[in-house]
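Report on the structure given below.
The values are calculated or read from the model by the stated rules, or taken from the named source; none is laboratory data. Owing to the predicted nature of the structure, the values given are computational and were not obtained by experimental measurement. Methodologically, a virtual Cβ is constructed for each residue, glycine included, from the backbone with ideal geometry; neighbour enumeration extends over all protein chains shown.
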Amino acid sequence: MATVDIVVPDIGEFKNIPIIEISIKPGDVVAKDASLVTLESDKATVEVPSPQAGTIKELKVKMGDRVSKGSIIATLDVAEGAATAAPAKPQGKQAQGSAGAGGSAGEGAEGVDAPPAKGVPPVTPDPNLPARGQPAGGGSRGDQGGGAQSNGAHGKGPSAAPAVAPGTGAAKHPDATYHADVLVLGAGPGGYTAAFRAADLGQKVVLVERYARLGGVCLNVGCIPSKALLHAAKVITDAEEGSHLGLSFGKPKIDLDGLRKFKDGVVNKLTGGLAGLAKARKVTTVEGRGQFASPHLLAVETKDGMKTVSFDHCIIAAGSQAARITGFPYDDKRLLDSTSALALAEIPKRMLIIGGGIIGLEMATVYDALGAKVTVVEFLDRLIAAADPDIVRPLQRRIEGRYEKILLKTKVAKLEALPEGLRATFESADGKSPAPAPEIYDRVLLAVGRRPNGKNIAADKAGVNVNERGFIPVDNQMRTNVPHIFAIGDIVGEPMLAHKATHEAKLAAEVIAGMSHHAWEARTIPSVAYTDPEVAWMGLTETEAKAKGIEYEKAVFNWGASGRALGMGREEGLTKLLFAKGSKQVVGAGIVGINAGELIAETVLALEMGADAEDLSLTIHAHPTLSETVFFSAEIADGTITDLLPPKAK
Ligand SMILES: Cc1cc2nc3c(=O)[nH]c(=O)nc-3n(C[C@H](O)[C@H](O)[C@H](O)COP(=O)(O)OP(=O)(O)OC[C@H]3O[C@@H](n4cnc5c(N)ncnc54)[C@H](O)[C@@H]3O)c2cc1C
């Protein structure tokens, strides 16, 4: 074992810069390039990384000390023969509010190449494939009509700072009620996942959540209750449509209290389970509304007064809330948002749903099945605009036959509360074409997207940048412009989806714990509308490929030739695969039909693994299954299909 000095490397013109963060203590094992201390001048924040892997022997500085080039920070025990004299390169970041040197958080640069996933042989990437670090596709729950694409979160250049070593308590505040190695703000799918992963990696975690129940939007008022109600809706419509199978049932008797109880039971089971998991991991949960007081302190307004949490690292996971249109009568209980619609107070006779994106159409599916006459109004010229039109068409055809009206290229210009209902005045999207006459509805659901909560947490007190829309920009390790503060989930950008939040959560927790090789690697984030039929897509869409001039090949299998789909009486689906021209590597997929949300997973794996059409067509799929539709599409691309006539040679 040899001992080497870790010195401040050449940091340009800076001299006597104060140390604002110390991430190590004697005995810590540090990886090469792990950040050891952070220095901050009025121009820049500079992290001093470890020049080699080893164990910290002695710390030679304390918080607030001023250092210059050559100052000794610590001594490091390294394996014999590994000692080198060369100091590491400093990792620079511009001071808050200015553009980033070395690819500062959330700014400018393109995605990075990350190493292939563990256990995966390296694949030579096809130029048409989305690079790792650049999520492709992804329709958000947060967009009206699903229009917005991915965001400011990932693929924004290499992390400006390397991973930091586990918390040192350096930021402990003497008067704080709690101190955390890792403080997590918000307990949605992003927050609780981050808290649990950080705890499993040995960190002392405090999780702050304003509501008594953990789980955030997804578990309490989003993904889970909506899917419970959608299941009930499917049972109702399957029964209704049983006559063509030679089965008929009477009109269903809907016990709203019973249905609500079922949905609430599912939510309670999951959120109660989370509370148990938090306890078992010794995660301290604090109920209250948190706001930053300084870069290392959060003030929490609790039932018992103000509490404070000091922290070495923080992960902001404060999520999003339903967007509003100004001028609507929000104090009228007949105007619903997704939360009040999921509460299922009653079944209206006529219901208007403003927004033809995923959330609007899922709620339309529920209320239509329960017996409401539904109208959907959408500003854009198509429903679920983030997906290709051909995979939305079968859904649109079906709901056109069931709903009262679908109004495209139309907006609600005015909504008035009258004693007999809410009166909607329509206007064409271009403001010139004729629009439908005003109509009165018993209930109106506003589902025009979600906005991030970035402006509600006093982020400025911690020096964290928030953009004008309320998103917090992060780099490809989920780090904000403040090196010890990370952000994940809806608050960092589109697509606003729970599975994006949980993946980002694990990444942030692992980076904080010093797993410095980690960066955002996912090539795509799949999107699913759990409508009937379901619509799912991932990777490149045809719309995007055409807009960007990306050459591709495609194969479409129509479910009319699927024995399984025919046997279910639901042959309106289709499975479309997009391939890179020439190599036939999978670059995108779109599926519409029963269980499309489950089927899309195989195509995501194909994209991640760099599979091509032949890989899929030589993979034996059980017969008869809907999963065969993926395989049949690959066979079409391969020219080996026998269940249909082979495509004409081009
Ligand atoms: C009706 C509906 C259906 C959906 N269905 C799906 C689906 O099927 N699949 C899918 O992937 N996504 C779905 N989503 C989206 C999904 O719910 C979100 O993407 C996901 O919840 C985001 O997770 P998050 O952790 O970023 O934030 P959130 O779940 O929003 O959690 C943030 C948490 O932070 C808390 N918080 C905020 N500010 C503070 C503060 N100052 N102090 C303390 N606590 C605070 C909030 O109370 C909340 O609990 C749906 C959304 C809705 C509305």
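Quick notes
- Flag if Ile406 is surrounded by fewer than 16 Cβ atoms within 10 Å (Cβ to Cβ), assigned to a strand (DSSP E or B) and not assigned by TED's automatic domain parsing to the domain that holds Ala601: no
- Residue in region 204-213 that is out of contact with any Ser or Thr (no Cβ under 6 Å at 6 or more places or on another chain), part of a helix (DSSP H, G or I) and touching a residue at least 40 places away in the same chain (Cβ under 8 Å) present: no
- Just so you know, in region 287-296 the residues that are buried (at least 19 other Cβ atoms within 10 Å of the Cβ) and more than 9 Å from the ligand (Cβ to nearest atom) include one that is nearest to His179 (Cα to Cα), and it is His296.
- Region 212-239, residues that are more than 7 Å from the ligand (Cβ to nearest atom) and in contact with a strand residue (DSSP E or B) (Cβ under 8 Å, 6 or more places away or on another chain): Ala212, Leu214
- Answer from Asp332, Asp337 - the residue that is more than 12 Å from the ligand (Cβ to nearest atom) and either among the charged types (D, E, K, R) or closer than 20 Å to Val412 by Cβ (or both): Asp332
- Hey, Leu219 surrounded by 24 or more Cβ atoms within 10 Å (Cβ to Cβ) and more than 26 Å from Asp312 (Cα to Cα) or not: yes
- For region 487-508, the criterion of a residue being touching a residue at least 12 places away in the same chain (Cβ under 8 Å), buried (at least 24 other Cβ atoms within 10 Å of the Cβ) and more than 16 Å from the ligand (Cβ to nearest atom) is satisfied by no position.
- So Ala547, is it more than 16 Å from the ligand (Cβ to nearest atom), surrounded by fewer than 24 Cβ atoms within 10 Å (Cβ to Cβ) and small (Gly, Ala, Ser): yes
- When Ile641 is tested against the conditions (1) surrounded by fewer than 23 Cβ atoms within 10 Å (Cβ to Cβ); (2) in a helix (DSSP H, G or I), the lone failure is (2).
- Among the candidates Thr75, Thr3, Thr38, residue that is at pLDDT below 85 and either more than 33 Å from the chain's Cα centre (by Cα) or outside any loop (DSSP other than H, G, I, E, B) (or both): Thr38
- Among all residues of region 266-273, there is none that is loosely packed, with under 13 Cβ neighbours inside 10 Å, away from the ligand (no atom under 15 Å from the Cβ), farther than 30 Å from Gln321 by Cβ and not assigned by TED's automatic domain parsing to the domain that holds Pro189.
- Residues satisfying the stated conditions in region 354-381, i.e. farther than 17 Å from Ser428 by Cβ, more than 16 Å from the ligand (Cβ to nearest atom) and part of a loop (DSSP other than H, G, I, E, B): Gly371, Ala372
- Qualifying residue in region 616-627 (condition: touching a residue at least 24 places away in the same chain (Cβ under 8 Å), in contact with a strand residue (DSSP E or B) (Cβ under 7 Å, 6 or more places away or on another chain), surrounded by 14 or more Cβ atoms within 10 Å (Cβ to Cβ) and of a type in the set (S, T, N, Q)): no
- Condition met for Ala195 (within 16 Å of the ligand (Cβ to nearest atom), part of a helix (DSSP H, G or I), under 27 Å from Lys25 (Cα atoms) and in contact (Cβ under 8 Å) with a residue 40 or more places away in the chain): yes
- Odd one out for Ala299 among (1) more than 16 Å from the ligand (Cβ to nearest atom); (2) in the same structural domain as Ala458 (by TED's automatic domain parsing): (1)
- So Asp612, is it among the charged types (D, E, K, R), more than 30 Å from Glu241 (Cβ to Cβ) and out of contact with any Ser or Thr (no Cβ under 6 Å at 6 or more places or on another chain): yes
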